[in-house]
Amino acid sequence: MVETLYSEMGNRGVRPDVSIFNILIKALCKAHQGFVEEGDMDGVIRILKQLEEFDCTIGPVTVNLLLHGYVKEGRVEETLKLTEEMCGLVYDLISSPPIH
């Protein structure tokens, strides 16, 4: 359903931004809630690849949605990898010289 909506947006010429991608990711993370115990994180990965094609930069909301989805599905390795990547980015930001 979510990916069908996304496809239809493309067919109508709608250019998604990071807010639209966050909504799609959140919906996929909660997909099938009540029917099965997990969402569709593989669908999320497909959406993330599209996000890059539109030059959208993920922010803390996107990262939080991803972490929540991975934890919910018990995908520990992906959770740890994303956490390490985000910690590395934060470290780079705080250790870089200030811009004047």
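The values are calculated or read from the model by the stated rules, or taken from the named source; none is laboratory data. As the structure is a prediction and not an experimental result, all values here were calculated from the model. A quick note on method: Cβ atoms are made from the backbone with ideal geometry, for glycine too, and the neighbour counts reach across all protein chains shown.
I'd like the full set of residues that are surrounded by fewer than 18 Cβ atoms within 10 Å (Cβ to Cβ) and touching a Cys at 6+ places or on another chain (Cβ under 6 Å), limited to the stretch 62-82.
none
Against the condition at pLDDT below 80 and buried (at least 18 other Cβ atoms within 10 Å of the Cβ), how does residue 87 come out, does it pass?
For residue 87, the condition - at pLDDT below 80 and buried (at least 18 other Cβ atoms within 10 Å of the Cβ) - is not met.
Return the total of residues in the stretch 1-13 being surrounded by 11 or more Cβ atoms within 10 Å (Cβ to Cβ) and either of a type in the set (Gly, Ala, Ser) or at pLDDT 75 or above (or both).
Narrowing the stretch 1-13 to residues surrounded by 11 or more Cβ atoms within 10 Å (Cβ to Cβ): 2-3, 5-6, 9-10.
Okay, now just the ones that are also either of a type in the set (Gly, Ala, Ser) or at pLDDT 75 or above (or both), so 5-6, 9-10.
Qualifying residue count for the region: 4.
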